[in-house]
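Before any comments, here is the structure.
The values are calculated or read from the model by the stated rules, or taken from the named source; none is laboratory data. Not measured: the values here are computed from a predicted model. Neighbour counts are summed over all protein chains in view; Cβ atoms, including those assigned to glycine, are modelled from backbone coordinates with ideal geometry. Heavy atoms of the whole protein, side chains included, go into the accessibility calculation; ligands, DNA and RNA do not. Shrake-Rupley method; radii C 1.70, N 1.55, O 1.52, S 1.80 Å.
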Amino acid sequence: MNPLIKDIRHNPLLWLLAFVPVLFACDQLKPEAHTLLFVLSVLAIAPLTVLLSHATESVAAKTGDAVGGLLNATLGNLAELIIALAALRAGQYMLVKASMAGAIVTNTLFILGASFLFGGLKYHVQEYNRVSARLQAGLLFLATVALLIPSAVSQADSVAGAAFTQKLSVGLAVLLIVAYGLGMLFSLKTHRELFASVEHAEAGEVPWPIGLALATLAGVTVLVALVSEVFVESVQKAAEAFGMTPAFVGFIIVALVGGVSAMPTAFSGARKNRLDLSVGIALGSASQIALFVAPVLVLVSYFIGPTPMDLRFWPGAVVMILIATLTASLVTNSARSMWFVGVLVLMVYLIFAMTLYLLPPRAQ
Amino acid sequence: MNPLIKDIRHNPLLWLLAFVPVLFACDQLKPEAHTLLFVLSVLAIAPLTVLLSHATESVAAKTGDAVGGLLNATLGNLAELIIALAALRAGQYMLVKASMAGAIVTNTLFILGASFLFGGLKYHVQEYNRVSARLQAGLLFLATVALLIPSAVSQADSVAGAAFTQKLSVGLAVLLIVAYGLGMLFSLKTHRELFASVEHAEAGEVPWPIGLALATLAGVTVLVALVSEVFVESVQKAAEAFGMTPAFVGFIIVALVGGVSAMPTAFSGARKNRLDLSVGIALGSASQIALFVAPVLVLVSYFIGPTPMDLRFWPGAVVMILIATLTASLVTNSARSMWFVGVLVLMVYLIFAMTLYLLPPRAQ
Amino acid sequence: MNPLIKDIRHNPLLWLLAFVPVLFACDQLKPEAHTLLFVLSVLAIAPLTVLLSHATESVAAKTGDAVGGLLNATLGNLAELIIALAALRAGQYMLVKASMAGAIVTNTLFILGASFLFGGLKYHVQEYNRVSARLQAGLLFLATVALLIPSAVSQADSVAGAAFTQKLSVGLAVLLIVAYGLGMLFSLKTHRELFASVEHAEAGEVPWPIGLALATLAGVTVLVALVSEVFVESVQKAAEAFGMTPAFVGFIIVALVGGVSAMPTAFSGARKNRLDLSVGIALGSASQIALFVAPVLVLVSYFIGPTPMDLRFWPGAVVMILIATLTASLVTNSARSMWFVGVLVLMVYLIFAMTLYLLPPRAQ
């Protein structure tokens, strides 16, 4: 039997694929039904990201460890990248930035915290490899510094300020991508023995044959791109209909939709007492977005998009990323987890979600 | 012999109880002598808080470990709560907030630092159980995030901003109380074996009989409430007479008065090489105020007090709480103490006290 | 052979001493050639600071451990102190403060990061004594709090605010010097066994005879003072000619020039797998500047200089010092180093340098 069909049969989340054609039909017939289109696009993106991550892992598994790790590390957040590119082309920079910041925070706090909680409800105390956690926390810290400095150092009200922010953003983007590349060299090549358990643990599912994997990768990428266009068009108006603030939508909703593919693996890893896997997914994904996806978007914005995008985030978002990074550093410092650690981390996420939900739109 | 009388005879601090009737007499005869009333009320509150904490511990000792722990955890800062309620009823929200922030900082820096210093002057290197210290530091961190976010995310100048802050404060208060409750479940029930040495160590004094303890608890609570009324009425005018800024009074004086009952146990614990006890008192008390007393006051302010109180603190106070929490995290990370660690922590407290003492009143 | 001549023959950096007479000649003949004078003074200061630090270490080696440690600790940054005094007398407070902040950041990030990188390129994993690193990080943290609080607590626009900042600065300066003194008592006397490996490791070079050392100390101090005058006079105009912002010059150029003497020892220590030495130099020098040199300058400014100088730094500088301190705390927490740790630390420094280079002059 085709492994793709088999996967779909065994994974109820993939049954949502039925919503992909429904969405395209609706978009043709009722292009004004923003709320309906928004709900359908969320339902359609979720299973597509699952397929995308499975296809990426399958290609990675076939191409050997070093190249595979590289592939996983660059395509692991392909869904977030495609959604963000759609928003970038539409000139919705606020949404791009909110979803980047939200993805960092969601991975660092929600996926990490929920993994600790789910694991802790089953096991009294769990231990994990802290070298990998420290590397990711270190990379996240660097990215946070890069996001913090432009706002801390200047008040970019003036024209000179805007030009400064733009030039600095390009420099920082290049720097972060270089750091990300060196980090891969470190973890996949020179010091890979320190990260052994994490690499090994990722072989959670049976990989697909390479042909199927590449075809799925190509096909699903196109589908995600098409669905993302509808999603980006409908999200703001749908948010108003639901009474949600734009910040809440970008930071929480889009980030949760984009991260849904990582959750099953992270949570089941925790339930199987393989916290290395969960921590690797949560922090690895966050640092990948901060050091690779976001900088790439800045550079790409010079070619697509109405004007160049900078790396200057809304101060509230910078504070949240900073707190998320600090939380990850403090929490992974002991390399032990118990259920209450998960509660603490989730509580920080809840504080953010509550604040963004209540925040009056003007203040953002 | 009555254990209460025996205690009074052996503890010179309790001799100050003589000032309780003197205060009430003065308040009747000379209600305008604010400075005198302030001094007398400070002298009267100090021994009452000692009695209150001894009575609470005696009730806790009689009711078994779990309930006792619960009692200690909720009534341990009863004196601070009563003083704050008096200030709340008088509508002095600035004083309430300054004394809450001050109590967190005083416990985290002054009591912790002085314990390290006193212990370190006697012992070369002291070790302590760091699981408990980490739990309290984690709770404090959560509370700091909750206090930081409203100020970081919005500029509540407008009417919309004030409504937002108010709604957010209620949500955060509920969240913090839930986190505090789960923290007790964790430390008293599911993972109590990790906290063993701290629990055991608290049996420092001979407990009173339950009847005496309950009667003292009730009687002293009423006395503290009455004295607090005089204290709150007189404190601002007395501060002016002494040339102190209101911030210094709330942050330093009120917090030191409210925390005086915890100091003898914490300091003597350090001198007996039982730093677990000192760290538990200092950080436990701070996290109790941040996650229980302050949120309860926000919720209670809807029933008493002229208008609801929010959780929005003066930015300087938020920075001080943040630094205090960071200091506690860094310092308890190694689970070892030497005299110079105490000096460093006390120096941070001194920097705060000096700044508040010199701060021109308008800037607060 | 005279050990001084021998040193000069073996150390190519000392050949730059030839630029000292050239500089003085130029200053007489072409006092308007600011760019030339700037370049010459940089070339002349570098070898002088090397001689200064060798002379200090030789005196320290002869006077026994405790006094020697004291001497090293107070005269270790003599070059920075003399340059700053020249700027202070010229009333260039912005330059003084930028070079102090820059020296802290350069030591903490550039020298530490480069040591980790150079060591890591030769050794797979390096371990070092973390007690000393923690002490220095703790002192740096205290200094950061002292620099942070005045800006965080007040808006010193008004006259009252300026008076407050001035009084507070004197108080904080005294406090920091006391903390620094107690830190020396701790590391050189009461707990010196914990720091053993660092102390021992500093004996890297053959000490000079005491007479030569004292004579060199006196003579070179005078020379550095004279060169510094030219440097301070020419630096701003030369910076304009090079298209550099004043912040970049103070923070990066002056700090690198002042710190050049520490680099050979720190880097060769790392290459010899004696990271204790490198970490001790980097963090020890940073905390010495923050807790001794900067406070002394504040106090000295009451006697020389047009008006008293305060401890209030440009907010961007405070953020950078804060991030540098946090980075040092996080990185030295594990007491292990690999090449990528060095990369991360250097990247933070690069972010700062890039930001300051691009920053429009008005915003500083």
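Just so you know, the Rg over Rh for the protein assembly as shown is 0.98, from Cα atoms, with Rh as the Kirkwood radius. Under a Gaussian network description of chain B, with springs only between Cα atoms under 10 Å, the residue in B:Leu140, B:Leu121, B:Leu40 that fluctuates furthest is B:Leu121. Inter-copy label distances at B:Ile5, shortest first and taken from points set 7 Å along Cα to Cβ: 9.4, 9.4 nm.
Taking the Cα centre of chain C as origin, sum charge times position over the Cβ atoms of Lys and Arg (+1) and Asp and Glu (-1), and report the length of that vector in debye to the nearest 20.
Details: 19 positive and 17 negative charges, 89 e Å.
Here the size comes out at about 420 debye.
The other copies place their A:Arg89 label points at 6.7, 6.7 nm from this one, listed shortest first, where each point is 7 Å from Cα along Cα→Cβ. Rg over Rh for the range C:242-349 works out to 1.01, both radii taken from alpha-carbon positions and Rh defined as the Kirkwood radius. Taking every DSSP helix (H) stretch of at least 4 residues in chain C, weighting each as -39,500 (n - 2.57) and dividing the sum by the residue count yields a mean residue ellipticity at 222 nm of -23500 deg cm²/dmol. In the context of the full set of protein chains, the range C:99-170 has a per residue accessible area of 30 Å² (1.4 Å probe).
Would you please classify the overall shape of the range C:16-156 from the alpha carbon gyration tensor, given that a ≥ b ≥ c denote the square roots of the eigenvalues, rounded means a/c under 1.5, and beyond that prolate means a/b larger than b/c while oblate covers the rest? It is oblate, given that a/c is not under 1.5 and a/b is not larger than b/c.
Can you find, among B:Ala18, B:Val345, B:Ser287, the residue sitting farthest towards the positive end of the charge dipole of chain B, where Lys and Arg contribute +1 and Asp and Glu -1 at Cβ? Farthest towards the positive end: B:Val345.
Computed over neighbours whose Cβ is under 12 Å from that of C:Leu95, the net charge equals +1, Lys and Arg +1, Asp and Glu -1.
With contacts taken as Cα pairs under 8 Å at a separation of at least 6 residues, the range C:200-349 carries a relative contact order of 13 percent. Here each label is just a point 7 Å from Cα along the line to Cβ, and for A:Ile304 and A:Val206 those points are 3.6 nm apart.
Taking R0 as 41 Å, what FRET efficiency do you get between C:Asn11 and A:Lys167 from their Cβ-Cβ distance, rounded to the nearest 0.05?
Working: r = 40 Å, r/R0 = 0.97.
E between C:Asn11 and A:Lys167, to the nearest 0.05, is 0.55.
Find out how many positive minus negative residues lie around B:Thr307, taking Lys and Arg as positive, Asp and Glu as negative, among other residues whose Cβ is under 15 Å from that of B:Thr307. Each step should come with its number before you reach the end.
Details: positive: B:Arg89, B:Lys97, B:Lys167, B:Arg312; negative: B:Asp310.
Here the count lands on +3.
Within the listed set A:Lys237, A:Lys62, A:Lys30, the residue fluctuating most in the Gaussian network model of chain A (springs between alpha-carbon atoms under 10 angstrom) is A:Lys30. The lysines within cross-link reach of C:Lys237, meaning a Cα-to-Cα straight distance under 27 Å and a gap of 8 or more places when in the same chain, are A:Lys167, C:Lys30, C:Lys97.
Normalising by the residue count of chain A, find the relative contact order in percent from Cα pairs under 8 Å and 6+ residues apart. Spell out each step's value before the answer.
Numbers: 506 pairs, mean separation 136.8, N = 364.
The normalised contact order for chain A reaches 38 percent.
Here the protein assembly as shown is assigned +1 on the Cβ of each Lys and Arg and -1 on the Cβ of each Asp and Glu. Its dipole about the Cα centre then comes out at about 820 debye.
Determine the share of chain A's accessible area contributed by carbon and sulfur atoms, expressed in whole percent, with a 1.4 angstrom probe. Write down the numbers at each step before the final one.
Details: 9130 of 13480 Å².
Taking all protein chains in place, chain A shows 68 percent carbon and sulfur surface.
Take every Cα pair under 8 Å whose residues are at least 6 apart in sequence, average their separation, divide by the length of the range B:265-364, and the relative contact order is 14 percent. Distance from the axis that maps chain C onto chain B is least for the Cβ of the chain C residue given, with the whole Å value, as C:Asn333, 4. In chain A, taking the dipole from charged Cβ atoms about the Cα centre, the farthest positive-side position among A:Val145, A:Val125, A:Leu95 is held by A:Val125.
How many percent of all Cα-Cα pairs in the range A:1-48 sit more than 11 Å apart?
Counting every Cα pair in the range A:1-48, those more than 11 Å apart make up 66 percent.
Under the combined filter of DSSP loop state and at most 13 neighbouring Cβ atoms within 10 Å, the range C:227-323 retains these chymotrypsin sites (Phe, Trp or Tyr not before Pro): C:Tyr302, C:Phe303.
When Lys and Arg each count +1 and Asp and Glu each count -1, what net charge do the other residues less than 15 Å away from A:Ser228, Cβ to Cβ, add up to? Around A:Ser228, the charge tally is -3.
Quick one, could you list the DSSP H helices from chain B stretching 27 Å or more along their long axis (Cα atoms) with average Kyte-Doolittle hydropathy of 1.0 or above? The qualifying helices are B:34-62, B:130-153, B:159-185, B:210-242, B:339-358.
For A:Ala33, the point set 7 Å out from Cα toward Cβ sits 8.2, 8.2 nm from its twins in the other copies, listed from shortest up.
Quick check: with the 1.4 Å probe, what order do B:Ile281, A:Ile83 take by accessible area, largest first? It would help to have the intermediate numbers written out before the result.
Working: B:Ile281 35, A:Ile83 10 Å².
Order by accessible area, largest first: B:Ile281, A:Ile83.
Here the Gaussian network model covers chain A, with springs between Cα atoms less than 10 Å apart; of A:Ser287, A:Ser187, A:Ser115, A:Ser187 fluctuates the most. Centre-to-centre separation between the Cα atoms of the range C:269-337 and those of the range B:84-115: 33 Å.
Both chains summed, the buried accessible area for C and B stands near 2800 Å², from protein heavy atoms and a 1.4 Å probe.
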